[in-house]
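First the structure, in the form of structure tokens, and then the observations on it.
The values are calculated or read from the model by the stated rules, or taken from the named source; none is laboratory data. None of the values given here were measured: they were computed from a predicted structure. Note that we place each Cβ from the backbone using ideal geometry, even for glycine, and neighbour counts take in every protein chain shown. Only protein heavy atoms, including side chains, enter the accessible area calculation; ligands, DNA and RNA are left aside. Shrake-Rupley method; radii C 1.70, N 1.55, O 1.52, S 1.80 Å.
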Amino acid sequence: MPAANRVLILNGPNLGRLGVREPEIYGADTHADLVAAVGEWGSGLGLEVDARQTDDEAQIVRWLHEAVDTRSHVVLNPAAFTHYSYALRDAAAQVTTSGLLLVEVHLSNPHTRESFRHYSVVSGVATGTIAGFGFVSYRLALAAIADRLQG
């Protein structure tokens, strides 16, 4: 598959705890369920999807650098890093300024939650943001990328 169709799905802290962490907010499905779903959705859209999760801010920054170096688009759920990680914001900016797509996603809608969650340092450098649709947020992000790639 051409590199232009490669998408890194990058998930930040605590998303490895899906299914057990606040299921009333994040749902009962696990991160493994999410990985399976995005793989299926991506394949159906002609995208090669590589889904990853880490609780380590530096690791996500390295993965964003990898996206630039390998010419991979990104679906990014920065989780708690959304609100304060300028290192993550600067790495995300490198993705979009290099001509790649970066869609910020959130399972819940941060604007309906605690006030500290209302601001994203990533949104200003992302191609777009999708929030509040649970796992479907990722499907919508992949569809948006596939649509942009088709021109």
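Brief remarks follow.
- Of the DSSP H helices in the chain, those whose Cα atoms cover at least 18 Å axially and whose Kyte score averages -0.5 or more: 31-44, 57-70, 136-150
- Based on Cα atoms of segment 63-151, Rg over Rh with Rh as the Kirkwood radius reads 0.96.
- Across the chain, the relative contact order, built from alpha-carbon pairs under 8 Å that are at least six residues apart, equals 26 percent.
- Test item: Cα-centred dipole of segment 1-101, Lys/Arg +1 and Asp/Glu -1 on Cβ, debye: 220 debye
- Accessible surface computed residue by residue for segment 1-53, with neighbouring protein chains in place and a 1.4 Å probe, gives 48 Å² per residue.
- Share of carbon and sulfur in the accessible area of the chain stands at 51%, probe radius 1.4 Å.
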